[in-house]
1. Please give the calculated 222 nm ellipticity per residue for the chain, where each DSSP H segment of at least 4 residues contributes -39500 (n - 2.57) and the sum is spread over every residue; nearest 500 deg cm²/dmol?
2. Just grab the label-to-label distance for residue 20 and residue 80, each label 7 Å out from Cα along the Cβ direction, in nm (one decimal).
3. Grab the Cα-Cα distance for residue 5 and residue 73, subtract it from 0.36 nm times how many residues apart they are, and report the gain in nm with one decimal.
4. Report the per residue volume, in Å³, of the convex hull enclosing the C-alpha atoms of the chain.
Amino acid sequence: MGLIVTIIVGFIVGLIARAIMPGTQSMGLIMTTVLGIVGSLLASYGGSALGLYPAGSPVGWIASVVGALIVLFIYGMVTKKG
């Protein structure tokens, strides 16, 4: 059950991050989900390690979106053609 919840949360966070980020991101549903999962993991472990917020806190959603935005920015820089 935990894997399914992780995939769903990752997809939602990825969609939100793609909606916030200006410009067009040409990636499919799987990459959007991976983006959200990686951003969530980055924010969850980073925030907990720094003691910014406890695990399971509602601010974790905001941090997950911020983490996904950072991952999306890095992904855009790496795959930029030009």
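Read the figures in this text as sums done on the coordinates, not as results from a lab. Quick caveat, the model's predicted, so the values are computed rather than measured. Ideal geometry is used to build each Cβ from the backbone, glycine not excepted, and the neighbour counts take in all protein chains shown.
1. Numbers: 3 runs with 62 residues, N = 82.
Rounded to the nearest 500, it is -26000 deg cm²/dmol.
2. In this crude spin-label approximation the distance works out to 2.0 nm.
3. Details: separation 68, 0.36 × 68 = 24.48 nm, distance 2.48 nm.
Taking 0.36 nm per residue and subtracting the Cα distance, the gain is 22.0 nm.
4. Here the figure is 92 Å³ per residue.
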